[in-house]
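Everything below concerns the one structure shown next.
The values are calculated or read from the model by the stated rules, or taken from the named source; none is laboratory data. Bear in mind the structure is a predicted one, so any value in this text is a computation, not a measurement. Reconstructed Cβ throughout: ideal geometry from the backbone, glycine too, with neighbour counts over all protein chains shown. These area figures cover heavy atoms from the full protein model, side chains too; ligands, DNA and RNA do not enter into them. Shrake-Rupley method; radii C 1.70, N 1.55, O 1.52, S 1.80 Å.
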Amino acid sequence: MAGTKIEISGPKSLFSNEFLCNSTSLLNSRKTRTVEVRKPVAATAALTAVQIVAKLIELDSVKVIPETPVQFTVSGQVTVEYDAMEQMKELMFNWWDSSKTTIDAQRGVFLQLVSSDIDPRTGKAKVSKEAILDWSRDLPINADKFVTHEVQFLVDGNFGVPGAILVTNKNSKELYLKSITLEGFLHFDCQSWVQPEKLHPEKRIFFTNKAYLPNETPMGLRELREKELRELRGNGEGVRVLSDRIYDYDVYNDLGNPDKGLEFARPVLGGQRRPYPRRCRTGRPSTKSDPKSESPVNETTPMYVPRDEAFGGEKKRSVDAGSWKGMMNNLFPFFKHSTDSDSVNSFADINNLYKESRNHSNFPVESTADAFKFDPPNIVSRDASCCLRDDEFGRFTLAGMNPISIERLKVFPPVSKLDPSIYGPTQSALREEHLISHLDGMSVQKAIERKKLFTLDYHDAFLPFLNSINAHPDRKAYATRTIFLLTQMGTLKPIAIELSLPSTNPFKPSKQVITPPVDATTCWQWQLAKAHVCSNDSGAHELIQHWLRTHACMEPFIIAARRHLSAMHPILKLLHPHMRYTMDINARARELLVSASGIIESLFSTKECSMEITSFAYKNWRFDMESLPADLIRRGVAELDPTEPHGIKLLIEDYPYANDGLLIWSAIERLVKDYVNYYYPDSNSIRSDPELNTWYYESINVGHADLRHESWWPNLSTPKDLVSILTTLIWISSAKHAALNFGQYHYGGYVPVRPSYMRRMIPNEDDPEYQSFISDPEGYFLSSLPSLREMAFLMSILEILSTHSEDEEYLGDRKELSTWRGSPEIIEAFYRFSMEMKAIEKEIEKRNSDTKLRNRCGAGVSPYQLLVPASEPGVSCRGVPNSISI
């Protein structure tokens, strides 16, 4: 046995049996323990038997040579986003750096595995030695967007299952870390920017895809779980820079720029006087003129969003490309005749902004003159009159770009809720004689009882702001009410429009009612009245229904989720796709869309009152009414009915938004119910989750602080409560936003049908303009619309807002199913949901071909496709992305 070496293999498994059950081979290489055994010496006769036995025992015993612990090599694949140009720049910089030989040792990305177990000797998590990933010497010029690099980790035999990875970026530029995979089956879905150590010295923490409730977190990961959340919250101080990942709250004090002049000052939104949801804090310094206002974005303090919330490369390129295209479409038509007026002299002037379709072959022919023109909106039919037909007017309230404002008329005449001491009498000017001839033999009361009358009521939303709006020479608006009759064919027919102005002259009526025409004069008055209603509706849609009720009201829930739900938390994993890009698009909106003299103020009737109108509306916002069934019931267009498939009965049977929306709502609810019940089997599991409860508490008490005392906030005590809350959030982020956003160009891109603002009032017989109206009613109508240049600008914006990017992720898409590898129930639930989305698409196609459904099928009627889940990139007027991303 002299010199014999005995190899004793290390432990059977570095990880647990559960961990290894999916693996074919964990170890690429193993260092072995070496044991040396001495050769026995022959016994001499002088030794006694006892001594011989003792000596043999001594010689036969195994003496372990001092050793290092058993160690293993664990292979990993690290996938990063690759930018060949940036890599080349960095290599050239390093080549020219005279101290490169000293820098190389400190370059690269350093990674450490963290065990799910703690070291019993230290009470801390076990950490591997650092592995270094350095591709700076290897420049793959023709590499794909994402490149995977191999890395080797050295760990002790009793390391346990890795639960986290610490990452330090010692390069000079930020790094987008897409994913890390160990031994082919343990996944870390990182999807995050890692900043250079010189900017952010703290090591980044990435957890495995496995979801853990707080009380289930492995002991070795608990400290890191809390540490990561503390880093994301920040301390509420300092100016945020683009590389930060800090989530905090602030009021909307960044909409104006008083340093440019009083006309650019805007009030702070958020607080008792002007309640508002909170936004993400940026920390920019105050303006010189007003210490309460935050200074605008500039080169030294750009618009901040937490780094991982910013647009990805494809999304940014899509938005930038749309902006360039829109700019060219906006400007090019006016280059040729730059000295000409951009006033509208005929409908032909407007139609000339659009391309003409030439279908003499299988391919559309586009002339050079058409190259910078707009694609014709394919929803609105442009007949000889080029004005909004009554049937279209009614249909668009149910299947247009704003299908969530229509309500059932319950009280007649309508009554205002505004303070009469400030805004005048609350009574409406509408009377039975205005309606009776249009009610198919019914009285008004009988029509109300039969639930046949519906209304678009913008009286209270606009009246407080009309004096400011109408003070502008190029803006004229009323506070409108429109009454619709539900016909026997299931369509809505407009039968009266009330136009109200602030009561300033007791001898001059402030309200007038216009009814369907009986002659040529009343025909044009009716067209002008409908245009003013559409102007109200455009502003209410863009500002209240779209911006406020989706974008602004969702942001506090996202901020609170990032601050209090760990990346390991199952609820964050469920919500993560539904928060994508929302904070970035909101920040861009504050800078460009809803800011002083921004796009909304420039193109809509509301001017500098725009955001104050949303604050006024926020006072009546209720989260418990944002679920689709609750919203339909609140508006009186549906009633509870347990015999119906979705538990409610629609009073307008052919209501495309509601019909299709209920399919999606119910599918979301089923998915969320399966998901929540898997992790939270009872009320005690809800109450014992501190992260979940803190998230919901902060969303209300900080994110929606101005409404925190309202009694209508849903409780969070049971799994059923959580299902309702999460379903509502996912619904708002996906289907509701899609229905309000992606039809903007096709429904709003022909301005005569849906003007964003009007420039002239409807003249009465004693008005100076009445004679010009009588002599040229079409010219009067056209002169009431925005100018050609403003029309082109509006269409450019609507086209950008209606565009799906190449990297859009749609409802039903789930890219991180490896998170639930050990939970087949969850994977099955996502699979069923995906299949439901495909079935819903088929069902919508079927409905759109049903000739009985006149609000979505008929001669010249475009199908309602806004809630079809999937879409191709571009302006398609369909597709339901997971999140509010544009």
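Among the residues of the stretch 465-481, the one identified as among the hydroxyl-bearing types (S, T, Y) and in a loop (DSSP other than H, G, I, E, B) is Y478.
Taking the stretch 733-782 only, how many residues are touching a Cys at 6+ places or on another chain (Cβ under 7 Å) and open to solvent by 10 Å² or more (accessible area, probe 1.4 Å)? Result for the stretch 733-782: 2.
Among the residues of the stretch 402-439, which ones are at pLDDT below 95 and farther than 29 Å from H546 by Cβ? P420, S421, G424, P425, Q427, listed by residue number. Of the listed requirements (1) in contact (Cβ under 8 Å) with a residue 24 or more places away in the chain; (2) in contact with an Asp or Glu (Cβ under 7 Å, 6 or more places away or on another chain), A630 misses just one: (1). Here the condition is being surrounded by fewer than 21 Cβ atoms within 10 Å (Cβ to Cβ) and over 19 Å from R580 (Cβ atoms); of S876, S871, S834, S818, it holds for S876 alone. All of F484, F454, F462 fail the test of being touching a strand residue (DSSP E or B) at 6+ places or on another chain (Cβ under 9 Å), surrounded by 22 or more Cβ atoms within 10 Å (Cβ to Cβ) and part of a helix (DSSP H, G or I), apart from F462. Report yes if some residue within the stretch 232-254 is among the aromatic types (F, W, Y), assigned by the TED database to the domain that holds V127, modelled with pLDDT of 95 or more and within 30 Å of the chain's Cα centre (by Cα); otherwise report no. So far as the stretch 232-254 goes, no, none of its residues is among the aromatic types (F, W, Y), assigned by the TED database to the domain that holds V127, modelled with pLDDT of 95 or more and within 30 Å of the chain's Cα centre (by Cα). Summed over the stretch 618-635, the residues that are small (G, A, S) and surrounded by fewer than 18 Cβ atoms within 10 Å (Cβ to Cβ) give a count of 1. Return yes when S688 is farther than 22 Å from D813 by Cβ and more than 18 Å from the chain's Cα centre (by Cα) and no when it is not. It is true that S688 is farther than 22 Å from D813 by Cβ and more than 18 Å from the chain's Cα centre (by Cα).
Among residues that are within 22 Å of S615 (Cα to Cα), in contact (Cβ under 8 Å) with a residue 40 or more places away in the chain, part of a helix (DSSP H, G or I) and of a type in the set (D, E), E228 is not included. Scanning the stretch 254-293 for residues that are farther than 28 Å from A471 by Cα and touching a residue at least 40 places away in the same chain (Cβ under 8 Å) yields P277, R278, R279, C280, R281, T282, G283, R284, P285.
Residue count for the stretch 839-858, restricted to those that are among the polar types (S, T, N, Q) and open to solvent by 40 Å² or more (accessible area, probe 1.4 Å): 2.
Here Q191 meets the list (1) touching a helix residue (DSSP H, G or I) at 6+ places or on another chain (Cβ under 9 Å); (2) at pLDDT below 95; (3) part of a loop (DSSP other than H, G, I, E, B) almost entirely, failing just condition (3).
Would you check if S443 is farther than 17 Å from V533 by Cβ, surrounded by fewer than 19 Cβ atoms within 10 Å (Cβ to Cβ) and touching a Cys at 6+ places or on another chain (Cβ under 7 Å)? No: the conditions fail for S443.
The rows are residues; the columns are (1) surrounded by fewer than 21 Cβ atoms within 10 Å (Cβ to Cβ); (2) more than 38 Å from the chain's Cα centre (by Cα); (3) farther than 24 Å from D654 by Cβ.
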position: A479; (1), (2), (3): no, no, yes
position: K493; (1), (2), (3): yes, no, no
position: P502; (1), (2), (3): yes, no, yes
position: S510; (1), (2), (3): yes, yes, yes
position: A531; (1), (2), (3): no, no, yes
position: A540; (1), (2), (3): no, no, no
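Residues of the stretch 476-499 that are within 11 Å of D457 (Cα to Cα) and of a type in the set (G, A, S): A479 alone.
The residue of the stretch 710-732 that is most open to solvent (accessible area, probe 1.4 Å), among those that are among the charged types (D, E, K, R) and within 26 Å of I664 (Cβ to Cβ), is K720.
In the set S192, S179, only one residue is of a type in the set (G, A, S), under 30 Å from V676 (Cα atoms), touching a Lys or Arg at 6+ places or on another chain (Cβ under 8 Å) and surrounded by 15 or more Cβ atoms within 10 Å (Cβ to Cβ); that residue is S192.
Listed by position, the helices (runs of 4 or more DSSP H) contained in the stretch 691-771 that have at least 3 residues being of a type in the set (S, T, N, Q) are 719-731.
For (1) within 28 Å of S834 (Cα to Cα); (2) touching a residue at least 12 places away in the same chain (Cβ under 8 Å); (3) surrounded by 22 or more Cβ atoms within 10 Å (Cβ to Cβ), each residue gets a yes or a no:
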position	(1), (2), (3)
I664	yes, yes, yes
L671	yes, yes, yes
Y675	yes, yes, yes
Y678	yes, yes, no
D682	yes, yes, no
N693	no, yes, no
V702	no, yes, no
R708	no, no, no
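The number of residues in the stretch 636-650 that are buried (at least 18 other Cβ atoms within 10 Å of the Cβ) and either of a type in the set (K, R) or closer than 14 Å to L486 by Cβ (or both) comes to 2. Could you go through the stretch 397-408 and let me know if any residue there is outside the structural domain of E799 (by the TED database), among the acidic types (D, E) and surrounded by 12 or more Cβ atoms within 10 Å (Cβ to Cβ). Scanning the stretch 397-408, I find at least one residue that is outside the structural domain of E799 (by the TED database), among the acidic types (D, E) and surrounded by 12 or more Cβ atoms within 10 Å (Cβ to Cβ), so the answer is yes.
The set of residues in the stretch 252-285 being open to solvent by 30 Å² or more (accessible area, probe 1.4 Å) and assigned to a helix (DSSP H, G or I) consists of D259, K260, L262, E263, F264. Checking each residue in the stretch 545-559 for being over 16 Å from G270 (Cβ atoms) and in contact with a Phe, Trp or Tyr (Cβ under 6 Å, 6 or more places away or on another chain) picks out no residue at all.
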